[in-house]
Each structure stands twice: as C-alpha cells, then as structure tokens.
Amino acid sequence: MSTPSTDLREAITSVNAKHIAIKSALFAIPLLILGFVLSKSFFYAEPGYIYHVRTVTGSEEVVSEVGYKFYPFGRYNAWKRAMTVQSINGVASNSINAEKDANEAAASLPPLSIMFLDQVDAHAEATVRFSIPSDPESFLKLAHEYRSPENLLRTALMPSFKETLQANASLMTAEEYYAGGRTEFNSEFEKQMSVGIFLVKREEITVKSNRRSKASANASLGKDQEEYDEDEKTIFVVRKVLDEDGLARMKSQRFLDFGITVVSALITDMKPNTKFIQRMQLKQQASADRAIAREQRVQEEEQRLLAIARGEREVAQRQAKAKVDQIQKTTEAETEKQLAITKAEKLKAMAAISKETAAINLEKAKIESQTIRTLAEAEAHKKEVILQADNALAQKLDAEIRIQKIWAEAFAVRKVPTTVFGGGSSGTPVGSDGEVKAFMQMLTLDAAKRLNYNREMSK
C-alpha cells in the first residue's frame, strides 16, 4: 500500500517529465523550421553546368560558379554548358537525359535514315556538340524561350540535327560519297550545322560520255562506221542557290539566335541499303576483274618488252664486243702508228743531232787542223829560223853523235873469234880491228853523206 509521500513524488516526477518534453518540443520546432527553410534556400552548383535561379521574390539569377548558392524559397534549373545530340547504333528510340547521362550525351537517337541524291537510302550515325551561352543576358533569353534543357533538345537541337543531316545527304550521290567524297560530305555537314542549311535546286542536265560509240549496222562501211547518239546521258545535279553577290543562300539555324554555337559535328558511320551494297560489291568485283585483266595485260606487255629487251641486250652485247675488238685493234694500230712515228721522229732527231754533231766536229776539226797547221807553221818557222841561224848544226852533230854511239856500242859487243884462219895477202876479210875500223869509217861517211850537212857555222 503506497503512502501519500510516494504518490506525491511520482506526481512531481511526472509533471517534471512533461515540462521537459514540452521544452524539448518547443526547442526542436524552430530547428526543424530552420532546416526546412535552409533546405529550400541553398543548393550546390556542379562544375560544367549553368543554373537558372528564380527566388520567392521574383528575381532571376544566373549561377555559373561552383559551390553552394542561396535561393530563398525559389527554384532552379540546371543547364549543361555543352549539350550533345548523337545518332548511334543500339538506341531503340529517342532518349533525352540532359543532366544525368554519364557519357554527357544530351540526346541519343537511333541511326538516322537519309536519302542521297541518287535515291540511295542509308542509315547515318553522327554526333553534334553544342555550347550554350554563358553571359547572363543570352542565357536568360534562352531559358525564357525554352524553359528547360529538355525542351531545347526536343524542339530545337534535335530537329536541326535531323534536318541538316538529311539536307546534307541531298548534295551528293552515294557513289560519290563512297568514291572519295566522304571528307567533303563531313565538311559540308559541319558547315551547315554551324551556319545554316544551303538552299539548293535540282537540275536535269545532259552530258556526253568520254567513250565514243560506233554504229555497226551498216556492214558496207567497214571500219568507217558513223557515230550515233548513245554517248549522251541524262543526270541530275543539285546546285546551290546564289544571291546577287554570288554567295550561297542559306536557311539560318534557329538556335544561333540564342547564342548557341556548334563545337563539333562529326559523321561517324554510314550504312547504305542492301541493294546498294550488292551493287557496290558487283562494281568492286568488276573493278577487281578489270584490275586483274589490266595486270595480266601489263604482265604480257612486260613479257613482250622483256623478250625484246633480251634480244636487244644480246645484240648490244655482240655490238659492244665487236666495238671493243674494233677499238682494241684500232688502238693497237694507232699505237703502232704512233710508235713508228715516234721512232721515225727519234731517228730523224738523232740524224739531225748527228748532223749537227758532225758539223760541230767538222768545225772543231777545221779549227783544230787550222790550229795544228798554225802550230806546225810556227814550229817549222821556228825550226827554219834556227836552221837558218846555225844550219842545224846542233841537230846534225847530235845525230852524228848518236850514230857514232850506235856504231861504238855495236863494235864493243861484237863477237871476236879466238882463232882466225887466213891472212896475208889473200884479201879475205877475217874481222880484224883494221877491217872493222875501215867498215865503221865507211858507214860514217855514208851517214854523213846521207845527212848532207857541213860542220861550218853559217854566216
């Protein structure tokens, strides 16, 4: 059984708890209100976006800086700075996801069906990237006109993308596109997306083929057949409409009025219809066959030229060999001729030198002879003077002395026999001294007679 004091304490505790709960509730309500107000007054500006902010007071603001921004009980729209419209394979239908696309693709379309000038349809894949204006005036004008990025994509960018791609296809035939006009096609597409669509008109013209055909119905004409008109054909061309200044007239892109610019415009793929592909395959096969035939013809021509070249080479080799032999023989004959000429000139020169030498020797001999004659005359004159002076007595005496000396020497060495038989008055010489002396005297007289000189001095 509870006492009065216990009941009183429980009552007081209950009152205190209710009082605390009331105070807590009164404190939490302002916090909740403040949190609600803050949640409706701040947002975080992401990079790569421009925000159109409208406040509760009716004012508008353009936010392009990153960070938390204050908008008291207003609203805002996020616009990508660059929006992309692309037509790619794998997209079943039009898909717009302006702020949440991870690939930054503002709008994704399936491959767009286009029609070339020669009535060939194809599915084109392309990508165009747009840049929206960042200045407040142009951006607010854009935001007021389209109100949201989705409306801009749906009502302006995507229709312009489709119209420009289809209009660009009408400027060129499929054969021209696949025959080397791909770059021109892409360039024209980017130009029309950036400036405007060309105004064109389709014309039918007649052109003549470069290959002239000949009629063959008249057999009597033979090779001189007449020409007929099958070398002409009719084609359709699309010409750009020009203004008075000669410039191409254009239909301006609507989005350009709001400051939107084209960053890039690319044609990524082009797939024509099956019939055109088959036709192109047939043309490729025909072209390949012509190329093979051309190569075979070139090969045959090369073989023919090779055979001619080989024959010409053999002839040239024989001619060259004969020419070498001829040159060698001519050179040898010329060498012999030059050697003979050189030898003759050498002999001639030697003869001339010998002649000159003989002339010199003759002159020298003449001089020497004259000198000897002069010396002999001088010596004879000298001797003559001497002889005239003493009648050559000295020489004569010297000669006589030498003669006597010879006889004396001969007498000294004569052989004298030890026994001499004979004598008397018989008159037979026996080699006595008297006989020798008489013989010597006779020789002396004979020598003197031969010398024919007298021993007297001349006056």
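Once the other residues with Cβ under 14 Å from the Cβ of VAL298 are scored (Lys, Arg +1; Asp, Glu -1), what is the net sum?
Numbers: positive: ARG290, ARG294, ARG297, ARG304; negative: GLU295, GLU300, GLU301, GLU302.
Surrounding charge for VAL298 is 0.
Give, in nm to one decimal, the length gained when the segment between THR330 and HIS123 is fully stretched (0.36 nm per residue of separation minus the Cα-Cα distance). Before the final figure, lay out each step's value.
Details: separation 207, 0.36 × 207 = 74.52 nm, distance 8.23 nm.
Taking THR330 through HIS123 to full extension adds about 66.3 nm, to one decimal.
Taking the Cα centre of segment 306-390 as the origin and placing charges on Cβ (Lys, Arg +1; Asp, Glu -1), which of THR330, THR357, THR342 is farthest toward the positive end of the dipole?
THR330
Work out from phi, with θ = phi - 60° and the Karplus expression 6.51 cos²θ - 1.76 cosθ + 1.60, the ³J(HN,Hα) of each residue of segment 273-286, listed in order in whole Hz, and give x for Gly and Pro.
Computed from phi, the couplings for segment 273-286 are 6, 5, 5, 5, 4, 5, 5, 5, 5, 5, 5, 5, 5, 5 Hz.
Place a +1 charge on the Cβ of each Lys and Arg in segment 306-390 and a -1 charge on the Cβ of each Asp and Glu, then give the dipole magnitude about the Cα centre in debye, rounded to the nearest 20. Mind showing how you got there, number by number?
Details: 16 positive and 14 negative charges, 144 e Å.
In debye, rounded to 20, segment 306-390 gives about 700.
Towards the positive end of the charge dipole of segment 104-149, with charges on Cβ (+1 Lys, Arg; -1 Asp, Glu), say which of LEU112, ALA126, HIS144 has the farthest Cα.
Among LEU112, ALA126, HIS144, the one farthest towards the positive end of the dipole of segment 104-149 is HIS144.
Provide the net charge surrounding SER113, with neighbours chosen by a C-beta distance below 12 Å and charges set as Lys +1, Arg +1, Asp -1, Glu -1.
On the way: positive: LYS162, LYS271; negative: ASP121, GLU125.
Around SER113, the surrounding residues sum to 0.
Could you tell me which of the pairs LYS323/LYS343; LYS162/LYS251; LYS162/LYS271; LYS343/LYS366 are separated by over 21 angstrom between their Cα atoms in the structure shown? Intermediate values should be presented prior to the final figure.
Values: LYS323/LYS343 29 Å; LYS162/LYS251 14 Å; LYS162/LYS271 16 Å; LYS343/LYS366 33 Å.
Exceeds cut-off: LYS323/LYS343; LYS343/LYS366.
Bear in mind these aren't lab numbers, they're just calculated from the coordinates by the rules spelled out. Please read these numbers as outputs of a predicted model, since none were measured by experiment. Neighbour counts are summed over all protein chains in view; Cβ atoms, including those assigned to glycine, are modelled from backbone coordinates with ideal geometry.
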